[in-house]
Amino acid sequence: MARPRKPLLSTDRIVETARGLVDAEGLAAVSTRRLAAELGVSGPSLYNHFRTKDEILEAVADSVSSQVDLSMFEDGRHWRTALHDWAVSYRAALRDHPNIVPVLAHGPGRRPAGLRLADAVYGAMVAAGWPPAQATSIGALMRYFVMGSALGSFAGGFVDDASAYDPADYPHLGQAHLLAERQEKIDERAFETGLRALLDGLAQQYEQVGRTA
């Protein structure tokens, strides 16, 4: 019988399948046995590509980082505009794959896409005139803010049962039961409000940097 034109298993196929499991069922759903079953291969064949489950999850995390647009740091945009546009793209990638955020939160480690992301942000801030130490802090605080926004929904955390908000106990939550149905709009607005406030604060610091340079 002729060999198949494409190999049955590849690194990309493993990562794609693992990412689908993480998206649908969470990190705990990923195991070599489960992946092998999903891929229709024997478990040991995975070890030709990844030695451990942790390596697979690291690769899934990096595949999500690779979805973040970095072009704004290369096309001449003002540093504030670039940070804003990057944060929006970053959040969109994490919003599509929220279950992998705990792995990403550990930092880039040796992941290539994660390191490219960190390099792009840091390099752009230094090129814009930020001192290296402050450029590092900016990269860190942006990461905290974006990842925090992706870990859960503020609006989605309120139940849609009006009786849960007795005005005798919660006099200011009379409309809280309506939040969940408006989740996307409320969370988006909260993210933009926080991002603008963060960038406004950085702009003030940047002026001080210019005065003391």
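The packing ranking of peptides 170-179, 57-66, highest mean first, is 57-66, 170-179, where packing means the average number of other beta carbon atoms within 10 angstrom of each residue.
Test of the criteria: in the range 59-117, which trypsin sites (Lys or Arg not before Pro) are in a DSSP loop and have at most 10 other Cβ atoms within 10 angstrom of their Cβ?
Details: sites: R77, R80, R91, R95, R110, R116; in loops: R77, R110.
Filter output for the range 59-117: R110.
Ranking L151, Q67, L198 by how far each Cα lies toward the positive end of the dipole of the chain (charges on Cβ) leaves Q67 at the top.
Applying 1/(1 + (r/R0)^6) with r as the Cβ-Cβ distance of H78 and D166 and R0 = 41 angstrom yields a FRET efficiency of 0.25. Accessible area of T212 (1.4 Å probe, protein heavy atoms only, ligands and nucleic acids ignored): about 100 Å².
Overall, the range 2-127 carries a charge dipole of about 380 debye about its Cα centre when +1 sits on the Cβ of Lys and Arg and -1 on the Cβ of Asp and Glu, all other atoms neutral. Computed about its Cα centre, the charge dipole of the chain is approximately 980 debye, with only Lys, Arg, Asp and Glu carrying charge at their Cβ.
Once all protein chains are placed together, M147 keeps about 10 Å² accessible to a 1.4 angstrom probe.
May I ask for the distance between the Cα centers of the range 152-180 and the range 18-94, given as a whole number of Å? Their Cα centres are 34 Å away from one another. For the chain, carbon and sulfur atoms together expose 54% of the accessible surface, with a 1.4 angstrom probe and every protein chain in place.
Were the residues from D12 through E184 laid out at 0.36 nm apart, the gain over their Cα-Cα distance would be 58.8 nm. About its Cα centre, the dipole of the range 88-164 is roughly 380 debye, where the only charges are +1 on Lys and Arg Cβ and -1 on Asp and Glu Cβ. Size descriptors for the range 11-62: radius of gyration and Dmax over Cα atoms are 9.5, 26 Å. Diffusion coefficient of the range 94-176 by Stokes-Einstein, Kirkwood radius over Cα pairs, 10 °C, 1.306 mPa s: 101 µm²/s.
What does the accessible area per residue of the chain come to in Å², with a 1.4 Å probe and no ligands, DNA or RNA counted?
59 Å²
Shape analysis of the range 69-210 yields a ratio of the Cα radius of gyration to the Kirkwood radius, Rg/Rh, of 1.07.
The values are calculated or read from the model by the stated rules, or taken from the named source; none is laboratory data. Nothing here was measured: the structure is a model prediction, and the numbers come from that model. Positions of Cβ are generated from backbone atoms using ideal geometry, with glycine treated the same way; all protein chains shown enter the neighbour counts. In case anyone asks, the SASA skips ligands and DNA or RNA and just uses the protein heavy atoms, side chains included. Shrake-Rupley method; radii C 1.70, N 1.55, O 1.52, S 1.80 Å.
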